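Novice: Sharing a structure below in structure tokens format, with a few things to ask.
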Amino acid sequence: MKKQLTEILHNSLSTCLADGLISSKEIPLFFLEIPKDKGHGDFATNIAMVLASLEKKSPRAIAELIANNIQDPGGIVERVEIAGPGFINFFIKTEHWLDCLQTIGEQGSSYGRINPEIKKRVQIEFVSANPTGPLHIGHGRGAVIGDTLANILETVGYEVVREYYINDTGNQINTLGKSVFIRYQQLFGIKCKFPDEYYQGEYIFELAREIRETYDDHYLKNEGGESIPFFSSYASRRVLENIKLDLKAFGVRFDNWFSEKDLFENKEVQKVIEDFTAKGHFYRKDGALWFKSSDLGDDKDRVVIKGDGTTTYFASDIAYHKNKYERGFDQVIDIWGADHHGYIPRMKAVIQAMGKKQEAFRVLLVQLVNLLRGGKPIAMSTREGKYVTLHEVVAEVGKDAARYSLLLRRSDSHLDFDLELAKEKSENNPVYYVQYAHARICSIIREAKKQHLEVPSFKNIDAHLLTLPEELELIKQLAAFPGMVKGSADSLEPHRITFFLNQLASKFHSYYNKHRVISQDNQALSCCRLYLISAIRIVINKGLNLLGVGSPASM
RNA sequence: GCGCCUGUAGCUCAGCUGGAUAGAGCAACGGACUUCUAAUCCGUAGGUCGCAGGUUCGAAUCCUGCCAGGCGUGCCA
């Protein structure tokens, strides 16, 4: 629809140009959008205003020229108005909206899907929490955003690979092993001090008990730290298993689990170091190897090999991202916690050093989550191992409410997550508001069936009976769905889906309360309305699917 | 000190990449269930878009300077 109008506009501009009515060959960026105010038409453009300064004419005069030269071979435009300082407002024929309605019924669950001839390949990496402890609500937010974004990108025609990067080597895994080892020793009555910086949680005790049950005291002797590698790999493997279970219960799916350890075993870290050194991106100073990131937009250079000869986390990251592009992705999206934002410039420097375009790498930052209960913050301390896990949150409030609540805000704004509110089955909880609309529609359709009325196909209804302003409003909203999804994909903003669904549900609830779908004395009208609400159901279902939230048929 | 994010109704937040009279939900107040699900709807009230300048036909949105909060600024991950 928007595409057609844009075409119409461009044609009009070319005509004006050919007739010498305007002189600008270059058309500046302009918008064509759905105005907030219904009185301003179905679509509005500011093109005359942006041309005004170039043409040195008044915006309204230019608007006249463009409007007068509009040809509309498809016959979708009802009328064109020039308004305000020089907006051109388009009013679309009802006929065209009814066509949109038909499309929804015909396409069903594939409505809104874009199928390009060549699919771009995009990788989206998210969560990637270290396997040193259970996931918390902050990871959960990153998980839902990543998962939902992947769904959205698939819908608009990308081939998407979802990936989790496992930091299964290095210091923190070593510390994990030592933490479990000390608890293991303590189980045998050996008195030893547990350092503050070690992992404190209850799960460390559980892992120690597990090992004692299976292996008894076999690993108790630890001369020169010989037992630690076992504890490290055992513990990180078990923690990761639990992470996988938690994510699965949360409806988050991954295609690929990428191990950092593999990068070392396949010598990829080594290779990329040699490669970058050869290309002059690395240099030696003070016994360490540095990346010249300050040449590429970062504010200082970064160490990749420390003075003691070990590599930094950053070195693995360089190798990892090189690996991503070698797998042929057109675009790589990383979803990080906002506390990693200082990392972006150096990563962008890496991308540049690899000769990739800036657009090939995008980072989406996800802000922290404040967990509340009844309006009061829940005290958490990672250091003391006292925190509410994602597993506990999902178990308490359920997958649907948890996911929806985490998708309610823009990802770069702080989010308050109230456990009581998310659990409440009431008007305070937006998930139920949308799901209820879906259930209601299903209920009406069931009721219709009892009266031997099935949802008809479009050709069997007289759609012109849908004359109420509320009905036209609903149809327009449904027609806006594909564009909204596209916008959500382009801007990496999954929260747009939740806002759209809330709005659609609101319009439906309002319509429902005012008008009856099934009327005894008018079967033709009943059929039309059944078709309409069925289309609403399709779109709500589609939207909730994108969010990974269920669409119940009854509540 | 420097860098990034945030600041919009009493509270929690949208605002579609600069558009027309700034919008929702909650909380408050008043209404609607013998009728397809009241987990719903209708109505009332609520604003110096942190402050001050600037850019232009036009600014919550862009630029500069302040103010406030959060985060970052490791040869940690």
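Novice: With a ≥ b ≥ c the root eigenvalues of the C-alpha gyration tensor of the range A:172-228, is it rounded (a/c under 1.5), prolate (a/b larger than b/c) or oblate?
Specialist: In terms of gyration-tensor shape, rounded.
Novice: Now for a different question. Rounded, prolate or oblate: which fits the range A:2-92, taking a ≥ b ≥ c as square roots of the Cα gyration tensor eigenvalues, rounded meaning a/c under 1.5, else prolate when a/b beats b/c?
Specialist: oblate
Novice: Sort the following peptides by mean Cβ neighbour count (other Cβ atoms within 10 Å, averaged over residues), highest first: A:471-478, A:23-30, A:66-73.
Specialist: The densest-packed peptide leads the list: A:471-478, A:66-73, A:23-30.
Novice: Now for a different question. Would you calculate, for chain A, the mean residue ellipticity at 222 nm contributed by helices, counting each DSSP H stretch of 4 or more residues as -39,500 (n - 2.57) and dividing by all residues, to the nearest 500?
Specialist: After summing the helix terms and dividing by residue count, I get -15500 deg cm²/dmol.
Novice: Pop out the carbon and sulfur fraction of the accessible area of the range A:172-228 as a percent, whole number, probe 1.4 Å.
Specialist: 46
Novice: Could you work out how far helix A:481-490 tilts from the main Cα principal axis of chain A, as a 0 to 90 degree angle to the nearest 10?
Specialist: 40
Novice: How big is the antiparallel share of DSSP beta bridges in the range A:20-161, given as a percent to the nearest 5?
Specialist: The antiparallel fraction comes to roughly 75 percent.
Novice: Leaving ligands, DNA and RNA out of it, report the carbon-plus-sulfur percent of the accessible area of the range A:246-305 at a 1.4 Å probe.
Specialist: The computed percentage sits at 47.
Novice: Can you tell me the order of A:489-499, A:540-550 when each peptide is scored by its average per-residue count of other Cβ atoms within 10 angstrom, highest first?
Specialist: In descending order of packing, they fall as A:540-550, A:489-499.
Novice: Where only protein heavy atoms count, and the probe is 1.4 Å, what is the accessible area per residue for the range A:430-547 in Å²?
Specialist: Accessible area per residue, the range A:430-547: 42 Å².
Novice: Would you mind working out the magnitude of the charge dipole of the range A:172-228 relative to its Cα centre, with +1 at each Lys and Arg C-beta and -1 at each Asp and Glu C-beta, to the nearest 20 Debye?
Specialist: About 180 debye.
Novice: Also, I was wondering about something else. Once you charge only the Cβ atoms, +1 for Lys and Arg and -1 for Asp and Glu, what is the size of the charge dipole of chain A about its Cα centre, to the nearest 20 debye?
Specialist: 240
Novice: Each label point is 7 Å from the Cα along the Cα-to-Cβ direction; what then is the distance between the points at A:LYS248 and A:THR94, in nm?
Specialist: The modelled label-to-label distance comes out at 5.4 nm.
Novice: Follow-up question, since we're still on this one. Label chain A by shape, choosing from rounded, prolate and oblate, from the square roots a ≥ b ≥ c of the eigenvalues of the Cα gyration tensor; if a/c is under 1.5 it is rounded, and otherwise prolate applies when a/b is larger than b/c, oblate when it is not.
Specialist: oblate
Novice: As a test, work out the antiparallel percent of DSSP beta bridges whose residues both lie in chain A, rounded to the nearest 5.
Specialist: The antiparallel fraction comes to roughly 50 percent.
Novice: While we're looking at this one, here's another question. Looking at the range A:136-245, which trypsin sites (Lys or Arg not before Pro) are in a loop (DSSP not H, G, I, E or B) and have at most 14 other Cβ atoms within 10 Å?
Specialist: Of the trypsin sites (Lys or Arg not before Pro), the ones in loops of the range A:136-245 whose Cβ has at most 14 other Cβ atoms within 10 Å are A:LYS191, A:LYS193, A:LYS221.
Novice: Ignoring any ligand, DNA or RNA, what whole percent of the accessible area of the range A:380-512 comes from carbon and sulfur when the probe is 1.4 angstrom?
Specialist: Carbon and sulfur atoms account for 52 percent of the accessible area of the range A:380-512.
Novice: In square angstrom, what is the accessible area per residue of the range A:172-228 with a 1.4 angstrom probe?
Specialist: Spelled out: the 1.4 Å probe surface of the range A:172-228, per residue, equals 58 Å².
Novice: When you count, for each residue, the other Cβ atoms within 10 Å and take the mean per peptide, how do A:394-401, A:460-467, A:307-314 rank with the highest first?
Specialist: Per-residue Cβ counts within 10 Å, averaged per peptide and sorted highest first, yield A:394-401, A:460-467, A:307-314.
The values are calculated or read from the model by the stated rules, or taken from the named source; none is laboratory data. These numbers come from a predicted model, not from an experiment. We place every Cβ from the backbone using ideal geometry, glycine too, and count neighbours over all the protein chains shown. Remember, those area values only see protein heavy atoms, side chains included, never the ligands or the DNA or RNA. Shrake-Rupley method; radii C 1.70, N 1.55, O 1.52, S 1.80 Å.
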